[in-house]
1. Out of all the residues in segment 133-148, which are assigned to a loop (DSSP other than H, G, I, E, B), more than 14 Å from GLY102 (Cβ to Cβ) and within 13 Å of the ligand (Cβ to nearest atom)?
2. Restricting attention to segment 13-61, which residues are of a type in the set (D, E, K, R) and in a helix (DSSP H, G or I)?
3. Within the set of pairs 6 or more residues apart or between chains, which connect a residue that is in the same structural domain as VAL212 (by TED's automatic domain parsing) and farther than 22 Å from VAL238 by Cα inside segment 139-166 to a residue that is surrounded by fewer than 20 Cβ atoms within 10 Å (Cβ to Cβ) and hydrophobic (A, V, I, L, M, F, W, C) with Cβ atoms less than 8 Å apart?
4. Pick from ASP19, ASP45, ASP99, ASP28: which is of a type in the set (Asp, Glu) and farther than 24 Å from VAL129 by Cβ?
5. With the structure loaded, tell me whether ASP119 is under 15 Å from the mean Cα position of the chain (by Cα) and either β-branched (Val, Ile, Thr) or within 16 Å of the ligand (Cβ to nearest atom) (or both) or whether it fails that test.
6. Among the residues of segment 236-260, which ones are in contact with an Asp or Glu (Cβ under 9 Å, 6 or more places away or on another chain) and within 30 Å of GLY131 (Cβ to Cβ)?
7. Would you point out which residue out of ALA230, ALA235 is among the small types (Gly, Ala, Ser) and within 18 Å of the chain's Cα centre (by Cα)?
8. Considering only segment 214-226, how many residues are among the basic types (Lys, Arg) and either within 16 Å of the ligand (Cβ to nearest atom) or in a loop (DSSP other than H, G, I, E, B) (or both)?
Amino acid sequence: MSQLPQAVPRTWKDWKGKDPIWCPGCGDFGVLTAMQKAAANLGLDPAGTVLVTGIGCSGNITAYFRSYGIHGIHGRALPLATGVKAANPDLTVLVAGGDGDGFGIGLSHFLHAARRNVDVTYIVMDNQVYGLTKGQTSPTTPSDMSTKASPLGPLAVPLNPLALALSAGASFVAQGFSGNQGELVGLLEQAVRHRGFSFVNVQSPCVTYNLVNTYDFFRQSTKAVTHDAADWDAAMRVANDRSAVPTGILYRAQRPTLQDTSHPIPPDAGVPGAVAAAADPAGAYRAAKGRFDAWLDELRVR
Ligand code: SF4
């Protein structure tokens, strides 16, 4: 855990922790800087912010971001973060990791956190490879890409994180590119502001082990989304369109969070409506269920 500053920081540099040991040029530098700028722009308090990470090159980011942090075990960042948020709903909870950590061993946690609408922001540094363990193919490696450690390629089709998040019920789904700071900072700010599970997949090149999905590749293939973010069907179409790499907010909706639908809710939990919910937990549950059912009807996913 980094030593915390005494006052709320005013610039992104105040969110700097230890010096990163990533390879020079790693895309994760851009993600870290964007997180620091977003935190500063939002006026977050490092003492009220927790960053939970899994294992991988990107998991080291807890040491580089000056807030409270938990560098957890492989693929388990989201359950840890769910516990942190449940224990203290007042905290801003950020979760970060790589594609191997989040879409490999941690895949089921990703889907269940999305469908439960846990009120955390999940940032995945997606570089389509396991960098920390010398370049094996990962769940998002293109099927026709080989690496030094996996010369035959993945021998599988790649997962589609955006489509998975949408189909699992994520209430905020976005994608950024670590080489486009201006857009990424804005996406992270909106993700943190969102009440519910916000997922930001960031194309973050591994300059050492992925020589296909490079900065130049993404500069040429990214395309800003233009559809209405409330339109789930349009978001799904964009997520499944492999002719470009979409960036921007694909989908955003409000629905009850896990904290809203859990009961009984202690009256001092700081959750909106918690006092009324404590007085009438069954009524509060029915109301939350009604809002949830209306949301399902809207999406036609029953
Ligand atoms: Fe970044 Fe790849 Fe180096 Fe890991 S191996 S620090 S992901 S460039």
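1. Matches in segment 133-148: THR133, LYS134, GLY135, THR147, LYS148.
2. Scanning segment 13-61 gives LYS13, ASP14, ASP28, LYS37.
3. If the second residue must be surrounded by fewer than 20 Cβ atoms within 10 Å (Cβ to Cβ) and hydrophobic (A, V, I, L, M, F, W, C), the pairs left are MET145/VAL212; SER146/LEU152; GLY153/MET145; PRO154/MET145.
4. Numbers: ASP19 fails: farther than 24 Å from VAL129 by Cβ; ASP99 fails: farther than 24 Å from VAL129 by Cβ; ASP28 fails: farther than 24 Å from VAL129 by Cβ.
Among ASP19, ASP45, ASP99, ASP28, only ASP45 is of a type in the set (Asp, Glu) and farther than 24 Å from VAL129 by Cβ.
5. Working: under 15 Å from the mean Cα position of the chain (by Cα): yes; either β-branched (Val, Ile, Thr) or within 16 Å of the ligand (Cβ to nearest atom) (or both): no.
Considered against the rule, which asks whether it is under 15 Å from the mean Cα position of the chain (by Cα) and either β-branched (Val, Ile, Thr) or within 16 Å of the ligand (Cβ to nearest atom) (or both), ASP119 comes out as no.
6. Residues satisfying the conditions are THR247, GLY248, TYR251.
7. Numbers: ALA230 fails: within 18 Å of the chain's Cα centre (by Cα).
Just a single option satisfies the conditions, and that option is ALA235.
8. Matching residues across segment 214-226 total 0.
The values are calculated or read from the model by the stated rules, or taken from the named source; none is laboratory data. Predicted model, so just to flag it, every value in this text is computed and none were measured. When we count neighbours, we look across all protein chains shown, and the Cβ atoms used for this are built from the backbone with ideal geometry, even at glycine.
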